[in-house]
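Following: one structure in structure tokens, then a few remarks.
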Amino acid sequence: MEVLKIATAGSVDDGKSTLIGRLLYDTKSLTDDKLQEIERSSKSKGFDYLDFSLATDGLVAEREQGITIDVAHIYFSTNTRSYIIADTPGHIEYTRNMVTGASTSTVSIILIDARKGVIEQTYRHFFINQLLQVKHVIVAINKMDLVDYSEEVFKEIKADFDALIARSTFGKQQIHFVPISALQGDNIVSSSSNTNWYEGANVLSLLESIPTKEVSKKSRARFPVQQVIRPKTSAFHDYRAYAGKLYGSSLKVGDAITVLPSKTQSTIKGISFFGDHYEEVEEGASISLQLEHDINISRGDMIVKSDELPGIDKQLRAYVAWLDVKSLKPGAKFILQHGVHRVLARVEKIEKVVSTDFSGSLFGQKQVDLNEIASVSFKLNKAIYYDAYNENPGNGSFILIDELSNHTSGVGFIR
Amino acid sequence: MQNKVFKANQLESESVHIFREVVAQFERPVLLFSGGKDSITLVRLAQKAFFPAKIPFPLLHVDTGHNFPETIAFRDKLVEELGLELIVRNVQVAIDSGKVREEKGKYASRNSLQTVTLLDAIEEFKFDACIGGARRDEEKSRAKERIFSVRDDFGQWDEKNQRPELFDMLNGTIELGQNVRVFPISNWTELDVWHYIKQEELEIPSIYYSHRRNTFLRDGMIWPDSDFIVKDEIESVESRQVRFRTVGDMTCTAAVGSAADSIDEIIAEIKLSTISERGARIDDQRSEAAMEQRKQQGYF
């Protein structure tokens, strides 16, 4: 079955967990024992309603403090497809977890409290969504029951949000506005009679209509080699295949290819998976390739079509979302992991720190702190084979690993 | 036959990618094998990831000594058929040496004692990556897990300070003494696993199918009768038509009344079920945070 990945965003108490709980409940995805657990916990906390956040806040510390600290992954399905929701934290100090959740999602749901309207966290979350180029954004204006389901309030908030969209750098993003009450169930899985003035789709119908996979026609086939398969058994004595996952576009047997960094040319002789052979492989598949010629290829090398070479460079400019409490500073060295390829990187220059409230950029800032986003230039010890993030996200992003703590300290989007 | 377009099965491709990353990034990986459906699925995914080469790591079974005999027989058959290397470490050894104390009373189980034996085995073989079949949809603290989950040199999980995982880039860099738990089927649901077992025509232990078994009722659940469980006088053993939806050992796994004796019937039954899979796990019912506490100690 097809899988659609969703991330939620919104400030604390905007009702993210309630919305997810409502989606689970209304699609009958909550089993009796889980529901009983929620009833039990809600009662013991003295609530007279079902606190669905107890279904998603899985850690003791989260339930004690009543906040979401880390991303929880929630699963549900309808008759047509499966859904994975990354329920991300609303607190500013956990913005990095929001970046994590949004990085693999096709859809982002941004919640807004109808009583509060567009606030700083809305700016921040939408900014991250346009930076990550999440294809679809559902702006769910929640708690409509508390503003008498007022069309005026909905329109005002939409107008404020439209002003943000006007400043977005990602024009291809599709943005949908829905007035909801997660608590009362308005416009979640069915259209509500409380909002007769609203003619659009409810949240679930929107989710059902969004394609799970949209490959840009511009993106090129990139095949980073994860490892070389050489069984060395009598049955497969001279067998040699290159295992990896294909990004960007499809490849066919007979395609003329170039191996990077050696720039050796060859032709695809075979595409195989678990003993079966194929003429063509689609984007997103983990398979193995065989080539006409015996070439020295190792992990981290990349196979591309000969007439579609990527950028090959030791200099790099990227937007970096910083995820570590230890700040990013000029001159600092990191392990840069681009797909499965690792090189060493030195921070050359912090060009600007971008204000996530769309108010512009801060120049001359000497470091990038936790949860900040900056344009940074790097020098690498070896070239990487990359595309711009907006052309091929899979080959246009990287992570920065701190050599001392081994922590994943930042994520980069190549410009 | 060379005529087809290979279309990615998103979940399978993701899992195969993870397996290949494990072997590339770690020196001594091991697959934690329980004989249950999730670890059987892992074995098939590992076969696919490295074919035609053999699975390049051993299987480790932490045997509580209270397993269903059907599971053990299945394990040995699978290992032999696929020519895999199997390491077995017994909880009994840790009990005999006084390292752990066996629980007493009618709810006694060796489930949480497995952690000590697992950590000992990790140290003995210097495993740096332990691949497990845990899924995020199973349980609320597992919903918070990373795919590469770093454990410190005491085997413990620091759930509040996990490494971010972006796109499908996995960071397995660790210090000596640390290890990583790897969960390749994190994003699969119970039904995804069953659909895959059907698609791949995988064999599974017979106890997943409907059979007659001596059972007794306790706390609203159907417990399998065995020598390892102390029963009250009022708990009377009866033969019932049951199957197991999840397979732990005989002291912590409850049965469900069922006539399902094919994969299709099992799938139909799960779709209609109003109880979650872990609802049949007695080990999870001990407290609201039972799983998180065990995970912090080094459980998988």
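Read through the list (1) under 29 Å from residue A:27 (Cβ atoms); (2) part of a strand (DSSP E or B); (3) in contact with an Asp or Glu (Cβ under 9 Å, 6 or more places away or on another chain), then give the number of the only condition that residue B:246 fails.
(2)
So residue B:198 passes all but one of these: (1) open to solvent by 30 Å² or more (accessible area, probe 1.4 Å); (2) more than 16 Å from residue B:40 (Cα to Cα). Which condition number does it fail?
Every listed condition holds for residue B:198 apart from (2).
Which condition from (1) open to solvent by less than 30 Å² (accessible area, probe 1.4 Å); (2) under 25 Å from residue A:49 (Cβ atoms); (3) of a type outside the set (Phe, Trp, Tyr) is the one that residue A:129 breaks?
(2)
Specify which of the listed residues (A:254, A:248) is within 14 Å of chain B (Cβ to nearest Cβ), on the phi > 0 side of the Ramachandran plot, surrounded by fewer than 17 Cβ atoms within 10 Å (Cβ to Cβ) and touching a residue at least 12 places away in the same chain (Cβ under 8 Å).
Exactly one of A:254, A:248 is within 14 Å of chain B (Cβ to nearest Cβ), on the phi > 0 side of the Ramachandran plot, surrounded by fewer than 17 Cβ atoms within 10 Å (Cβ to Cβ) and touching a residue at least 12 places away in the same chain (Cβ under 8 Å), namely A:254.
If you scan the stretch A:217-242, which residues turn out to be among the β-branched types (Val, Ile, Thr) and under 30 Å from the mean Cα position of the chain (by Cα)?
A:225, A:228
List the number of the failed condition for residue A:177; all other conditions in (1) touching a Lys or Arg at 6+ places or on another chain (Cβ under 6 Å); (2) part of a helix (DSSP H, G or I) hold.
Only one criterion is unmet by residue A:177, namely (2).
Consider residue B:48 carefully, then state whether it is surrounded by fewer than 22 Cβ atoms within 10 Å (Cβ to Cβ), at the interface with another protein chain (Cβ under 8 Å from one of its Cβ atoms) and in contact with an Asp or Glu (Cβ under 6 Å, 6 or more places away or on another chain).
no
Out of the residues in the stretch A:1-12 that are at pLDDT 85 or above and open to solvent by less than 20 Å² (accessible area, probe 1.4 Å), which is nearest to the other protein chains (Cβ to nearest Cβ)?
Of everything passing the filter in the stretch A:1-12, A:3 is nearest to the other protein chains (Cβ to nearest Cβ).
What is the number of the single condition among (1) within 30 Å of residue A:163 (Cβ to Cβ); (2) touching a residue at least 40 places away in the same chain (Cβ under 8 Å); (3) open to solvent by less than 40 Å² (accessible area, probe 1.4 Å) that residue A:400 does not meet?
(1)
Does residue B:16 fit the bill of being crowded, with 23+ Cβ neighbours inside 10 Å, within 22 Å of residue A:339 (Cβ to Cβ) and in contact with a strand residue (DSSP E or B) (Cβ under 7 Å, 6 or more places away or on another chain)?
So residue B:16 fits the description; yes.
If I go through the stretch B:201-220 residue by residue, how many of them are open to solvent by less than 10 Å² (accessible area, probe 1.4 Å) and outside any helix (DSSP H, G or I)?
Looking only at that region, the number is 4.
Just to be sure I understand, how many residues within the stretch A:306-324 are open to solvent by 50 Å² or more (accessible area, probe 1.4 Å) and either touching a helix residue (DSSP H, G or I) at 6+ places or on another chain (Cβ under 6 Å) or under 30 Å from residue A:346 (Cα atoms) (or both)?
7
Taking strands (runs of 3 or more DSSP E) that do not extend beyond the stretch B:77-191, which have at least 1 residues that are more than 14 Å from chain A (Cβ to nearest Cβ) and open to solvent by 10 Å² or more (accessible area, probe 1.4 Å)?
B:86-90
Determine whether residue A:410 is free of Cβ contacts under 8 Å to residues at least 40 places away in the same chain, on the phi < 0 side of the Ramachandran plot and surrounded by 21 or more Cβ atoms within 10 Å (Cβ to Cβ).
no
Find the helices (runs of 4 or more DSSP H) located wholly in the stretch A:13-56 whose residues include 2 or more that are away from chain B (no Cβ under 13 Å) and open to solvent by less than 40 Å² (accessible area, probe 1.4 Å), and list them.
Those helices (runs of 4 or more DSSP H) span A:16-26.
Can you give me the number of residues within the stretch B:1-43 that are basic (Lys, Arg), more than 7 Å from chain A (Cβ to nearest Cβ) and part of a loop (DSSP other than H, G, I, E, B)?
Residues that pass the stated criteria total 1.
If a residue has to be free of Cβ contacts under 8 Å to residues at least 24 places away in the same chain, of a type in the set (Gly, Ala, Ser) and more than 14 Å from every other protein chain (Cβ to nearest Cβ) to count, how many in the stretch A:193-236 make the cut?
Looking only at that region, the number is 3.
Across the stretch B:250-296, what is the total count of residues that are open to solvent by 30 Å² or more (accessible area, probe 1.4 Å), at pLDDT 75 or above and away from chain A (no Cβ under 11 Å)?
Total satisfying the criteria: 9.
For every residue, the table says whether it meets (1) in contact (Cβ under 8 Å) with a residue 40 or more places away in the chain; (2) farther than 14 Å from residue A:131 by Cβ; (3) not in a strand (DSSP E or B).
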{"site": "A:325", "(1), (2), (3)": "yes, yes, yes"}
{"site": "A:336", "(1), (2), (3)": "yes, yes, no"}
{"site": "A:343", "(1), (2), (3)": "yes, yes, no"}
{"site": "A:347", "(1), (2), (3)": "no, yes, no"}
{"site": "A:357", "(1), (2), (3)": "yes, no, yes"}
{"site": "A:370", "(1), (2), (3)": "yes, yes, yes"}
{"site": "A:375", "(1), (2), (3)": "yes, no, no"}
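Conditions: (1) free of Cβ contacts under 8 Å to residues at least 40 places away in the same chain; (2) open to solvent by 10 Å² or more (accessible area, probe 1.4 Å); (3) within 14 Å of chain B (Cβ to nearest Cβ). Residue A:281 meets all but one. Number of the miss?
(2)
Do any strands (runs of 3 or more DSSP E) lying entirely in the stretch A:250-311 carry at least 1 residues that are closer than 20 Å to residue B:19 by Cα and not β-branched (Val, Ile, Thr), and which ones are they?
Ranges flagged: A:264-273, A:276-278, A:286-291, A:302-305.
Since residue A:228 meets every condition but one in (1) outside any helix (DSSP H, G or I); (2) open to solvent by 20 Å² or more (accessible area, probe 1.4 Å); (3) of a type in the set (A, V, I, L, M, F, W, C); (4) within 20 Å of residue A:112 (Cα to Cα), which condition does it not meet?
Answer for residue A:228: the failing condition is (4).
Considering the stretch A:82-105 alone, what residues qualify as being facing chain B (nearest Cβ under 9 Å) and hydroxyl-bearing (Ser, Thr, Tyr)?
A:82, A:100, A:103, A:104, listed by residue number.
Confirm whether residue B:234 is open to solvent by 10 Å² or more (accessible area, probe 1.4 Å) and either touching a strand residue (DSSP E or B) at 6+ places or on another chain (Cβ under 8 Å) or at pLDDT 90 or above (or both).
So residue B:234 fails the test.
Looking at A:259, A:304, A:320, which one is under 30 Å from residue A:367 (Cβ atoms), of a type in the set (Val, Ile, Thr) and more than 11 Å from chain B (Cβ to nearest Cβ)?
Selected residue: A:320, the only one of A:259, A:304, A:320 that is under 30 Å from residue A:367 (Cβ atoms), of a type in the set (Val, Ile, Thr) and more than 11 Å from chain B (Cβ to nearest Cβ).
When you go through A:360, A:339 one by one, which is the residue that is surrounded by 21 or more Cβ atoms within 10 Å (Cβ to Cβ) and on the phi > 0 side of the Ramachandran plot?
On inspection, the qualifying residue turns out to be A:339.
Can you tell me which of (1) surrounded by 20 or more Cβ atoms within 10 Å (Cβ to Cβ); (2) within 30 Å of residue A:406 (Cα to Cα); (3) among the hydrophobic types (A, V, I, L, M, F, W, C) is the one residue B:223 doesn't meet?
(2)
The values are calculated or read from the model by the stated rules, or taken from the named source; none is laboratory data. What you see is a predicted model, and the numbers here were worked out from it, not measured in a lab. Don't worry about glycine lacking a Cβ; one is built from the backbone with ideal geometry, like all the others, and counts go over all protein chains shown. The protein model used for the area step is the full one, side chains on, heavy atoms only, and it has no ligands, DNA or RNA in it. Shrake-Rupley method; radii C 1.70, N 1.55, O 1.52, S 1.80 Å.
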